[in-house]
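Heads up: the structure comes next, in structure tokens.
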Amino acid sequence: MKFIAIILFVLIISFSCKKSSSSAVDDTSITYTGTGSVTKGLATTTTSNLYSCTGGRVTAVGTINSSDGKSWIVPAENNFATGVKLPDLYNECNGKSPASIAQVDTASVPITVIDADGEIITGYIYGDNYFELYVNGKLVGVDAVPFTPFNASFVKFRAKRPIKYAIKLVDWEENLGIGTELNGGNANHPGDGGFAAKFSDGTVTNSSWKAQTFYIAPLSNPNCVTETGTSRISSGCALPSSAANAYALHWALPTNWYASDYDGSTWPTAVAYSSATVGPKVAYSNFAPQFGNAQFIWSSNLILDNLVLIRYTGN
Ligand SMILES: [Ca+2]
Ligand SMILES: [Ca+2]
Ligand SMILES: [Ca+2]
């Protein structure tokens, strides 16, 4: 009996030591085998409200450390504070709620010069929730409302064709670091994304774009994300039981991902989603004729992929 008690004691001590030696992700039962960085639980808020608008959700930014010793900004590093806000097609925060294009003064929208010897291109853009638009390697501007209410933009820029579009897409979150929002009685509702755009050079969003995901959350187990080639697939993932048990995966953005000559050809193909699946608001539906045959696109998971980069080269 005494011998068994000693064995048990040694086992308990060794288990506790193992547990206390774990790093930021405090769960020794999970050995992650993929290429991302793993975080668990909520991030620390660094900006309590990036933007305020009556009726809008709290738009915060935070940081969280992963088990491999890296620090991550969630939901995404962004240029909202300093970036030029793109002109409004529809934006309740600025008192603009036209019922149709007939009520929008598109002629007075200023032209952003990307290439002085280029041609004038116009575009209609709707993103759930936030986007930053780069054209030929330069930032044209940022979505005027980062989270909610849902808005839409009308852009006008001068650029040389073929135009290289590079766009950062963010499905914003209220529970920083775990990709969820407060939705009525459900405090951990995994929000979804969706993005549609139509430009006058003939470019529309569809599955001929490329899309890569860089932040996936919430996950019950980070190993549920499978990687095939450059694809990061979370379709087999289950939601966590609680915020404390929620994992997230992060990948660093290539430093020059928006450059004109960046080769995004190895990225996964963007996935098109139906309007019914995305559920766009009036900021989109009031201008459905202008968006024409543009499709809603995202990476392979509209719900769990919260930071997605997309690229396309126009005609
Ligand atoms: Ca927005
Ligand atoms: Ca989401
Ligand atoms: Ca969303």
Quiz item: So what's the angle, to the nearest 10 degrees on a 0 to 90 scale, between helix 2-20 and the longest Cα principal axis of the chain?
Solution: 20
Exercise. For region 216-231, just list the computed ³J(HN,Hα) in residue order, Karplus coefficients 6.51, -1.76 and 1.60, θ = phi - 60°, integers in Hz, with x standing in for Gly and Pro.
Key: 10, 6, x, 10, 6, 7, x, 6, 6, 7, 9, 10, 10, x, 8, 6
Self-check item: Residues residue 230 and residue 293, FRET efficiency given R0 of 41 Å [Cβ-Cβ distance, rounded to 0.05]
Solution: 0.90
Quiz prompt | Probe 1.4 Å, all protein chains present, accessible-area order of 133, 253, largest first | solution = 253, 133
Quiz item: If you find the alpha carbon centre of region 77-123 and of region 228-251, how far apart are they in angstrom?
Solution: 35
Quiz prompt | Normalised convex hull volume, region 166-315, alpha-carbon set, Å³ per residue | solution = 118
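Quick one: grab the alpha carbon gyration tensor of region 120-162, order the square roots of its eigenvalues as a ≥ b ≥ c, and give me rounded if a/c is under 1.5, else prolate or oblate depending on whether a/b is larger than b/c.
Prolate is the answer for region 120-162, as a/c is 1.5 or above and a/b outweighs b/c.
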Quiz item: Which net charge results for the neighbourhood of residue 184, defined as the other residues with beta-carbon distances under 14 angstrom from its beta-carbon, given Lys and Arg at +1 and Asp and Glu at -1?
Solution: -1
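Per the helix-only calculation at 222 nm, which mean residue ellipticity applies to the chain, given -39500 (n - 2.57) for every DSSP H run of n ≥ 4 and division by its residues, nearest 500 deg cm²/dmol?
-2500 deg cm²/dmol
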Exercise. Rounded, prolate or oblate: pick one for the chain, where a ≥ b ≥ c are the square roots of the eigenvalues of its C-alpha gyration tensor, a/c under 1.5 means rounded, and failing that, prolate if a/b is larger than b/c, else oblate.
Key: prolate
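Going by accessible area, probe 1.4 Å, with all protein chains left in place, what is the ranking of 250, 189, largest first?
Output order, biggest surface exposure first: 189, 250.
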Quiz item: Accessible area of residue 224, 1.4 Å probe, to the nearest 10 Å²?
Solution: 30
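Order 33, 59 by their accessible area, 1.4 angstrom probe, all chains in place, largest first.
Numbers: 33 120, 59 0 Å².
Correct descending sequence by accessible area is 33, 59.
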Exercise. Ignoring everything but the protein chains, give the 1.4 Å probe accessible area of residue 235 in square angstrom, nearest 10.
Key: 100
Quiz prompt | Probe 1.4 Å, protein heavy atoms only - accessible area per residue of region 37-313 in square angstrom | solution = 39
Self-check item: Relative contact order (%) - criterion: Cα under 8 Å, at least six apart; region: the chain
Solution: 21
Quiz item: Distance from the Cα centre of region 130-176 to that of region 281-315, in angstrom?
Solution: 11
Quiz prompt | Rg followed by Dmax, in Å, when region 267-307 is reduced to its Cα trace | solution = 11.4, 33
Practice problem: Answer with one residue from 193, 116, 41: the one whose Cα lies farthest towards the positive end of the charge dipole of region 37-313, charges on Cβ with Lys, Arg +1 and Asp, Glu -1. | Solution: 116
Exercise. With all protein chains present, calculate the accessible area of residue 119 using a 1.4 Å probe and round the result to the nearest 10 Å².
Key: 80
Practice problem: Figure the gain on full extension for residue 244 and residue 44 (residue separation times 0.36 nm, minus the Cα-Cα span) and round it to one decimal in nm. | Solution: 70.7 nm
Self-check item: Karplus-derived 3J(HN,Hα), 6.51/-1.76/1.60, for each residue of region 163-174, Hz, glycine and proline x
Solution: 7, 9, 8, 9, 10, 8, 10, 10, 8, 5, 9, 9
Self-check item: Neighbourhood charge, 11 Å Cβ-Cβ cut-off, centred on residue 127 and excluding it, Lys, Arg +1 and Asp, Glu -1
Solution: -3
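The values are calculated or read from the model by the stated rules, or taken from the named source; none is laboratory data. Quantities reported herein were computed from a predicted structural model and do not represent experimental measurements. Cβ: placed from backbone, ideal geometry, glycine included. Neighbour counts: every protein chain shown. Calculation scope for accessible area: heavy atoms of the full protein, side chains included, ligands and nucleic acids excluded. Shrake-Rupley method; radii C 1.70, N 1.55, O 1.52, S 1.80 Å.
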